[in-house]
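Structure, as structure tokens:
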Number of protein chains: 4
Amino acid sequence: MPTEQMVAAHPDVRGSVNEALIAAVDAGYACAQACTSCADACLAEQMVAELRQCIRLNLDCADVCLATATLATRRTGSNEEVIRKMLDACTTACRLCGAECDKHAGMHEHCRICAESCRRCEAACRAALGTM
Amino acid sequence: MPTEQMVAAHPDVRGSVNEALIAAVDAGYACAQACTSCADACLAEQMVAELRQCIRLNLDCADVCLATATLATRRTGSNEEVIRKMLDACTTACRLCGAECDKHAGMHEHCRICAESCRRCEAACRAALGTM
Amino acid sequence: MPTEQMVAAHPDVRGSVNEALIAAVDAGYACAQACTSCADACLAEQMVAELRQCIRLNLDCADVCLATATLATRRTGSNEEVIRKMLDACTTACRLCGAECDKHAGMHEHCRICAESCRRCEAACRAALGTM
Amino acid sequence: MPTEQMVAAHPDVRGSVNEALIAAVDAGYACAQACTSCADACLAEQMVAELRQCIRLNLDCADVCLATATLATRRTGSNEEVIRKMLDACTTACRLCGAECDKHAGMHEHCRICAESCRRCEAACRAALGTM
């Protein structure tokens, strides 16, 4: 994704981007895709009844990741308090979803990959929070 | 919106709905619409340059409201910690967006109505938080 | 939702709103909520394995309804060709999701209510298309 | 993004992925980010009043891209008619947004990069349509 190039071209940014926040944006979109995909794959598994909580957390995590990545993309004016709360909510959503996916990682490859995406996004959001 | 009927028909809910959470869902969708509309109307105003911060907060608020309303709709399994963080983030997003819209309420009817939607959603999210 | 008031306050609209398009916006948000709720309730049903296609169509329909309602809210500048294609895609998404929900309406109240929301949104999008 | 790995791990896909559809998913998320970023950067430009139509098309394009990428991610059950309509709507949204961004590409680097993202997404959606 051209996230860094785009943000660097913002008239109020002029090249001095917050790298950690950019990384959180990219990780957020990637995690939204992974969670949407994992919810969908879990739904097709024979043991779907045992994957209900995983699907629920996947769907919630996808929604939170997308909203967080979208907000963290914007640089006009400011809305730091809300971005911080969203980065924090996203850290929690990813931690819980990743932990649930981990339980099924041995049996379902999509859960294993999704758990990795969640951990990456959780770390990226935490690092971004540390810069604000 | 048929929010209450829908949630009441969930197999794990069986009629015993959390009214405050239902109200937050409805207020969230309504506030997302109002904020999307206010951002769009501000953009068309002659004094758009002075409404940049209002547009920014409107766009962010719409995203947070939609994600919050979507999460608060789900009842399968559980994800209370994340819903609480989203309700809290939504309270903040609505408070800040409503305060900014209020500044332009005397001049722009869309800002006046949007500020009302934000206050209603802020109060609904706070009330829902109080029940969890 | 204050949709009509908001759009009527847009500086380029000045009170002369397209009522059919406003109705499509409201029906779109309501249907997104109903479909999100129905997907979630289906997932909690004991017979979840037989409701996979219903959940899939619900999730898709919710996404298309939200995007359509958001686009149809905007009045600054113009983007009629895209709105028409989205209204058309939304008509199809609602028709197919409503038909699938109808199959389960006798057994699941959430499917019955969701099918109604889909039909209402399908009709509203078709009527809006007729005005553009 | 781990899109291809995730879809390849879906129980009904078992490794035989539609590469063109995967490419459309990745291009859709990337274009949503670019358009969100371009709308935000345009809003901060001194000549914002002349960028209204660009911002409008950016916001619409971001919404259509996200919905399309999300739908095109799912493989459980089927919903081909709706995916085709969304890929078609996304092709149009990207074509129009890219053409508008191109007009400002000489003056604004963010419009130049965004136009590229739009063209890439338009081509990816068209290629995916050709396989369905």
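The values are calculated or read from the model by the stated rules, or taken from the named source; none is laboratory data. Remember, it's a predicted structure, so these values are computed and weren't measured experimentally. All Cβ positions, glycine included, derive from the backbone under ideal geometry; neighbour counts span all protein chains shown. Side chains are part of the model used for accessible areas, which takes the heavy atoms of the whole protein and leaves out ligands, DNA and RNA. Shrake-Rupley method; radii C 1.70, N 1.55, O 1.52, S 1.80 Å.
List of remarks:
- Against chain C, whose longest principal axis comes from its Cα atoms, helix C:80-103 is set at around 20 degrees.
- Taking every C-alpha pair closer than 8 Å and separated by at least 6 residues, the mean separation divided by the residue count of chain D gives a relative contact order of 30 percent.
- Mean projected area of the Cα convex hull of the protein assembly as shown, taken over all directions, amounts to 20.3 nm².
- Net charge in the neighbourhood of B:Ser37 (other residues with Cβ under 11 Å of its Cβ; Lys, Arg +1, Asp, Glu -1) is 0.
- Where rotation carries B onto D, the chain B residue whose Cβ is nearest that axis, in whole Å: B:Val48, 3
- Here the protein assembly as shown is assigned +1 on the Cβ of each Lys and Arg and -1 on the Cβ of each Asp and Glu. Its dipole about the Cα centre then comes out at about 0 debye.
- In degrees, nearest ten, helix A:52-73 long axis to first principal axis of chain A (Cα): 10
- Convex hull projection area averaged over all views, segment B:28-94, Cα basis, nm²: 4.2
- With K and R counted +1 and D and E -1, the other residues having a Cβ less than 9 Å from that of A:Glu4 yield a net charge of -2.
- Each other copy places its own label point for B:Gly15 at 5.0, 5.3, 6.9 nm from this one, sorted shortest first, where the point lies 7 Å along the Cα-to-beta carbon line.
- FRET efficiency for D:Ala20 and C:Glu80, using Cβ-Cβ distance with R0 set to 35 Å, rounded to 0.05: 0.75
- Buried area at the D-C interface (accessible, heavy atoms, 1.4 Å probe, summed, Å²): 2400
- Debye log10 I(q)/I(0) for segment D:1-60, one point scatterer per Cα, at q = 0.14, 0.18, 0.20, 0.26 Å⁻¹: -0.53, -0.66, -0.72, -0.95
- Both radii are taken from the alpha-carbon atoms of chain A; with Rh as the Kirkwood radius, Rg/Rh is 1.04.
- Comment: the Cα-to-Cβ extended label point of B:Gln46, at 7 Å, lies 2.2, 6.8, 7.1 nm from its counterparts in the other copies, nearest first.
- Pairs of Cα atoms farther than 19 Å apart, segment D:70-132, %: 38
- Chain D: angle of helix D:109-129 to the longest principal axis, Cα-based, in degrees nearest 10: 30
- Within the accessible surface of segment D:1-89, defined with a 1.4 Å probe on protein heavy atoms only, the carbon and sulfur portion equals 44 percent.
- Within the shell defined by Cβ-Cβ distances under 14 Å, the residues around C:Gly15 carry a net charge of -2, with Lys and Arg each +1 and Asp and Glu each -1.
- In segment B:12-45, the residues whose accessible area drops by at least 20 square angstrom when the other protein chains are added to the isolated chain are B:Tyr29, B:Ala30, B:Gln33, B:Thr36, B:Ser37, B:Asp40, B:Ala41, B:Leu43, B:Ala44, B:Glu45; the probe is 1.4 Å and only protein heavy atoms count.
- Helices in the protein assembly as shown, meaning DSSP H runs of at least 4 residues, each add -39500 (n - 2.57). Divided by all residues, the mean residue ellipticity at 222 nm is -26000 deg cm²/dmol.
- Pairwise centroid distance, computed over Cα atoms, of segment D:78-104 with segment C:41-69, Å: 24
- Label spacing, shortest first and in nm, from C:Gly106 to its equivalents in the remaining copies (7 angstrom along Cα→Cβ): 4.4, 6.5, 6.8
- Surface per residue (accessible, 1.4 Å probe) for chain B, Å²: 32
- Positive-end residue of B:His104, B:Ala24, B:Val82, charge dipole of chain B with Cβ unit charges: B:Val82
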